[in-house]
Amino acid sequence: METTWQNKLVRDVYQAAAQQCAPVIFGIKPSNLLTVDRQHARVLKSLIDATGLKARCLDHTTDRQVWFLFREEDLLPLLQDPANRDFICSYGYSKDMDMDHMLALLASHFRAYRTQAAVFPHEMGIFLGYPLGDVRGFIENNGRNYLCSGYWKVYENEKEARLTFRRYANVRKYAMDLIRSGAGFDPVRQYRRAILKKADPERKLFLRQTAAALNGSFSNT
């Protein structure tokens, strides 16, 4: 089977990832959920290789799979934050749990929810990088009385949240444009290398162009 991104199964996975996971692919969000048809899961490695992400399957059925895609270097500090850790410990996690065991427990809670054996695992919000205040607000208000809604329901710092949603929308559009243009996610590798190394003039130009594409203009919001 073809291993390039142009292969139809790979292309379908890339398109789903661009729609659902662009912020984590480009490193402006620690994680995202990716839902794909079961047949596409076997080519998920191509996406992982192209983007440098890590993946954990949270749930699967005969037809669909739900994957948790993340960058460990971005997610781990969030999970180690004392306030976040105290919150997730109220859902059965322990302060000495490592990343692998935390993700295993999250998957267990998520599967229980999907089979209607348990309520929704609200700690998911922390794993997805949502502000703790908004996660608590959602629980306390039963998902109502929010200030605004986008990638999550917002209960505080509305202005900052709206700017974040705009960034996510811009990077999603950029990712979709990459797929439509036939570039795949090759620019992701270039972008990640550029920000991890001392930028020479060529890299600086690439960074400016990429940053403009990702951030867009907030003056029109």
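Things worth noting here:
- Residues within the range 50-63 that are surrounded by 13 or more Cβ atoms within 10 Å (Cβ to Cβ) and farther than 16 Å from Cys21 by Cβ, tallied: 2
- For the range 118-136, the set of residues classified as over 26 Å from Gln19 (Cβ atoms) and within 21 Å of the chain's Cα centre (by Cα) consists of Leu132, Gly133, Arg136, listed by residue number.
- Looking only at residues of the range 155-168 that are closer than 22 Å to Leu69 by Cβ and among the aromatic types (Phe, Trp, Tyr), we find that the one that is farthest from the chain's Cα centre (by Cα) is Phe165.
Rundown of residues vs (1) touching a His at 6+ places or on another chain (Cβ under 8 Å); (2) within 16 Å of Arg172 (Cα to Cα); (3) of a type in the set (Asp, Glu), yes/no style:
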residue	(1), (2), (3)
Asn7	no, no, no
Ile25	no, yes, no
Ile28	no, yes, no
His40	no, no, no
Arg56	no, no, no
His60	no, no, no
Glu72	no, no, yes
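- Boolean, Ser31 is of a type in the set (Ser, Thr, Tyr) and more than 26 Å from Pro121 (Cβ to Cβ): no
- So Gly143, is it modelled with pLDDT of 95 or more and on the phi > 0 side of the Ramachandran plot: yes
- Scanning the range 67-77 for residues that are surrounded by fewer than 18 Cβ atoms within 10 Å (Cβ to Cβ) and under 14 Å from Phe127 (Cβ atoms) yields Glu72, Asp74, Leu76, Pro77.
- Residues of the range 140-155 satisfying the condition of being more than 20 Å from Ser31 (Cβ to Cβ) and surrounded by 14 or more Cβ atoms within 10 Å (Cβ to Cβ): Tyr146, Leu147, Tyr155
- Within the range 137-154, the set of residues being hydroxyl-bearing (Ser, Thr, Tyr) and within 16 Å of the chain's Cα centre (by Cα) comprises Tyr151 only.
- Filter result (in contact with a strand residue (DSSP E or B) (Cβ under 9 Å, 6 or more places away or on another chain) and either modelled with pLDDT under 95 or among the hydrophobic types (A, V, I, L, M, F, W, C) (or both)) within the range 10-22: Asp12, Val13, Ala16, Ala17, Cys21, Ala22
- Hits in the range 23-39 - residues which are surrounded by fewer than 21 Cβ atoms within 10 Å (Cβ to Cβ), over 22 Å from Tyr113 (Cα atoms) and at pLDDT below 90: Gly27, Gln39
The values are calculated or read from the model by the stated rules, or taken from the named source; none is laboratory data. This one's a predicted model, so the numbers in the text were calculated from it and none came from an experiment. Every residue, glycine among them, receives a Cβ derived from its backbone with ideal geometry; neighbour counts consider all protein chains shown.
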